[in-house]
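K.L.:
I have a structure I would like to understand better, so I am pasting it below and will then ask my questions one at a time.
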Amino acid sequence: AQSVSQHNHHVILSEAASLELGCNYSYGGTVNLFWYVQYPGQHLQLLLKYFSGDPLVKGIKGFEAEFIKSKFSFNLRKPSVQWSDTAEYFCAVNRDYGGATNKLIFGTGTLLAVQP
Amino acid sequence: GAVVSQHPSRVICKSGTSVKIECRSLDFQATTMFWYRQFPKQSLMLMATSNEGSKATYEQGVEKDKFLINHASLTLSTLTVTSAHPEDSSFYICSAREWGFGYTFGSGTRLTVV
């Protein structure tokens with residue numbers, strides 16, 4: 001079965017600390033990869049996405065992610081977090097069949113709390 | 001960019017009644033929309049894929065007769081929770097994909113069944 005794993009369920013960091021959130025998926029073939037963020041009381045927002053090309057993807061708000069195909073991973077990173085980064089982060093994957101019906105499957109989410 | 005509007009944002013209904021949630025793509029045509037359910041402090045679980053002009057495709061374990069999905073036009077999909085019960089209380093989110101732009105999510109609907 002398709003699955004997306006986020007190993008860190010709850011992360012607590014101090015401001016200015018570096019962040020890395022893990023994401024692994026379980027199936028081969030061509031995939032598209034996404035990271036979404038959900039701030040408290042708000043809806044999902046796209047942080048970044050990978051479709052093809054450079055495996056190091058830069059997103060909004062200083063986030064980046066690296067696609068490592070051999071490891072089936074798409075880890076999210078930020079060199080220096082801020083209190084405003086406190087949110088829940090979701091990794092999501094779909095298999096690229098070349099159509100709009102591709103299902104987007106989410107990981108379990110990682111709740112990040114940044115302490116001032 | 002693509003915008004998906006979801007309405008209502010919050011609804012409280014009595015047990016046994018039905019509730020309809022609308023999802024509209026405002027500036028693009030969405031032949032496919034997706035419905036998710038999010039439990040508190042949990043991830044988004046895909047419920048069904050809504051296909052314009054045809055039947056929805058439900059994920060395993062999702063009751064088709066309880067969660068009715070209609071996708072009558074290229075910009076509108078509706079999810080109707082029939083005979084709602086307190087265990088149906090949840091946060092429901094729709095999304096649509098515009099080719100080349102990834103997925104855009106609605107703002108969600110908080111359903112509370114009392």
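K.L.:
So how long is each side of chain A along the principal axes, counting just the alpha-carbon atoms, biggest first, in Å?
P.N.:
That works out to 44, 28, 22 Å along the principal axes.
K.L.:
May I ask you to sort A:Val4, B:Val62 by Cβ crowding, counting other Cβ atoms within 10 Å and putting the fewest first?
P.N.:
In increasing order of surrounding Cβ atoms, one gets B:Val62, A:Val4.
K.L.:
What percent of all Cα-Cα pairs in segment B:1-58 falls in each 10 Å bin, counting up from 0?
P.N.:
18, 44, 35, 4
K.L.:
Now a separate question. Using a Debye calculation, one point per C-alpha and no hydration shell, please list log10 I(q)/I(0) for segment B:44-83 at q = 0.31 Å⁻¹ in order.
P.N.:
-1.12
K.L.:
What three numbers, in Å, describe the spread of the alpha carbons of chain B along their principal axes, ordered from the longest?
P.N.:
40, 27, 22
K.L.:
Starting from the amide H of A:Cys23, placed 1.01 Å from N in the peptide plane, find each other amide H under 5 Å away whose residue is 5 or more places distant or on another chain.
P.N.:
Hits under the 5 Å cutoff: A:Phe74, A:Asn75, A:Leu76.
K.L.:
Moving on to the next point. With respect to the cross-link table entries A:Lys103/B:Lys20; A:Lys71/B:Lys20; A:Lys61/B:Lys20, which display a Cα-Cα separation exceeding 31 Å?
P.N.:
As for pairs spanning more than 31 Å Cα to Cα, those are A:Lys71/B:Lys20; A:Lys61/B:Lys20.
K.L.:
Return the Cα extents of the protein assembly as shown along principal axes one, two and three, sorted largest first, each rounded to a whole Å.
P.N.:
That gives 49, 40, 34 Å along the principal axes, largest extent first.
K.L.:
In addition: Given a cut-off of 30 Å, name the pairs among A:Lys58/B:Lys66; B:Lys14/B:Lys64; A:Lys69/B:Lys64 whose C-alpha atoms lie farther apart than that in the structure shown.
P.N.:
Flagged as over cut-off: A:Lys58/B:Lys66; A:Lys69/B:Lys64.
All of the numbers you see were taken from the coordinates with simple rules; none came from a lab. All of these numbers come straight from a predicted model, not from anything done at the bench. Neighbour counts are summed over all protein chains in view; Cβ atoms, including those assigned to glycine, are modelled from backbone coordinates with ideal geometry.
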